[in-house]
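One structure is given here, and the rest of the page talks about it.
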Amino acid sequence: MLNWIEDNCAKFEPSRALAIRALRHLKKGDNQKLFSEDIMEMRTVEGYWYEALIYELLLDIAADTGSIKKIVKKGADAPRRPVRLALGQNGIYYAEKGDIRVRGNGQDLAEVDLLLIDDNNKVSFAEIVTSPADLKDLEAEIKYKKKLFGYLFRQETVEFILFSSVDISNTQVVKRLCREKENAYVGTHSCEDLKASLRSIRLAPFPRKAANNPKLISALSLRARPFDYRYFHDIALSRLNLAASRQNTPQETLADPDISPLVKKIICGALIPSAQKALIQDYGLRVKSSILDYHDLIQNYSKAVLAVDLPELSPVIYLRPKKKRMYYKMVPEKSGGFKFERLTPGRVGFYLWLESTKPSIETGRMKEILSLCNGE
């Protein structure tokens, strides 16, 4: 299937009909933003549109081959009412805009731009980029998704395709990917060339009408292996605690075969008040320009959760501001302590997991885990 897609998509020429069909996947009002003078706004919508264009292209050419047996629905073809986020959700789900997500205990573990099924009933996935900046962290994400889909569909190998509207064929990332026979790279015309045919027409709102194509299949109907992510997570947590108490090295901890490569983050627990005080005194917290003292912490935040990112074995503190449905993600500073990185909003599944976490981490346990992560 990879060779067929490479050969046929590489010959793809700009098409007004295809460009127009891709518009049906954009949300209301975004059509006009394709040519917005606001560059950031235009690039964002352009990225969504190009992703939809590749999806429409594959739907178009799949009729000519048996190599592509099925294409998983997305965008306007996905169910209109996605399943509401909840703890305990595991497997493949649709997000609000028809994006394809894999959830573990309600947390989004991975999002894929495309899922395909070949003539041997093997699942492959694709990522679609419009800027060299999109390559950041791409290799690690691809490796993780290969392990994830390999587990879910019981496949020893999982094929991958990278589509790009910019020439990134000479980057080290793409060169490394293409050394593996189960990966493919397809470069197309630029977004400017591909959307040029739309300039002369009135970009009125297009209805999000689902396509009737025999090659389409719902992500919800895929036969995936039962997947209890919380089970894998809790084993990883117990192994992390054991490694911390034994004063293992980071290398020894990461080499533990009982820590599943599917686990991306270990939620250790919320800190009890004495541990929060020790966190402030011995490490420090900085939210933007403000360095917190213990009074600031207890007055303005209702919870501090300790977590560890894998495979980096990097500690994270999640602070819950009072009267706000969000968490502040705090990451290590080079000079020591933790600094604000970004928000975790209340609309994501991971927020629900953090909310369910109860105070359980004492000062000693917190210091053992942080010492392990720091290699001390």
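The values are calculated or read from the model by the stated rules, or taken from the named source; none is laboratory data. Just so we're clear, the structure is a prediction, and the values are computed from it rather than from any experiment. Positions of Cβ are generated from backbone atoms using ideal geometry, with glycine treated the same way; all protein chains shown enter the neighbour counts.
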Among the residues in the range 303-311, are any in contact with a Pro (Cβ under 6 Å, 6 or more places away or on another chain) and closer than 19 Å to Ala236 by Cα? yes
Of the numbered conditions (1) part of a helix (DSSP H, G or I); (2) in contact with a helix residue (DSSP H, G or I) (Cβ under 6 Å, 6 or more places away or on another chain), Leu279 satisfies every one except a single condition; which is it? (2)
Is it true that some residue in the range 310-325 is at pLDDT 95 or above, within 26 Å of the chain's Cα centre (by Cα), assigned by TED's automatic domain parsing to the domain that holds Ser274 and of a type in the set (Ser, Thr, Tyr)? yes
Note: among Lys264, Lys334, just one is without any contact (Cβ under 8 Å) to a residue 12 or more places away in the chain and not aromatic (Phe, Trp, Tyr), namely Lys334
Test Ser165 against the criterion of being buried (at least 20 other Cβ atoms within 10 Å of the Cβ) and of a type outside the set (Lys, Arg), and give yes or no. yes
Being modelled with pLDDT under 90 and hydroxyl-bearing (Ser, Thr, Tyr) narrows it down to one of Ser67, Ser36, so name that one. Ser36
Name the helices (runs of 4 or more DSSP H) wholly within the range 1-103 that hold at least 1 residues that are touching a residue at least 12 places away in the same chain (Cβ under 8 Å) and of a type in the set (Phe, Trp, Tyr)? 2-10, 39-61
Could you tell me which of the residues Pro226, Pro257, Pro214 is assigned to a loop (DSSP other than H, G, I, E, B), closer than 30 Å to Cys373 by Cα and of a type outside the set (A, V, I, L, M, F, W, C)? Pro257
Which condition number in (1) within 28 Å of Ser169 (Cα to Cα); (2) touching a strand residue (DSSP E or B) at 6+ places or on another chain (Cβ under 9 Å) is the one that Asp108 fails? (1)
Filtered residues of the range 323-363 (kept if exposed (fewer than 13 other Cβ atoms within 10 Å of the Cβ) and either assigned to a helix (DSSP H, G or I) or on the phi > 0 side of the Ramachandran plot (or both)): Lys323, Gly336, Ser356
Going residue by residue through the range 157-167, is there one that turns out to be hydrophobic (A, V, I, L, M, F, W, C) and over 30 Å from Asp193 (Cα atoms)? yes
Any chance you could count how many residues in the range 116-152 are part of a helix (DSSP H, G or I), modelled with pLDDT of 95 or more and farther than 26 Å from His189 by Cβ? 10
Looking at the range 72-79, is at least one residue within 24 Å of Arg24 (Cβ to Cβ) and surrounded by fewer than 20 Cβ atoms within 10 Å (Cβ to Cβ)? yes
Go through the range 285-302 and give me each residue that's outside any loop (DSSP other than H, G, I, E, B) and either in contact (Cβ under 8 Å) with a residue 60 or more places away in the chain or touching a helix residue (DSSP H, G or I) at 6+ places or on another chain (Cβ under 8 Å) (or both). Leu285, Ser290, Tyr294, Leu297, Ile298
So, of the residues in the range 13-29 that are of a type outside the set (Gly, Ala, Ser) and crowded, with 19+ Cβ neighbours inside 10 Å, which turns out to be nearest to Ile61 (Cα to Cα)? Leu18
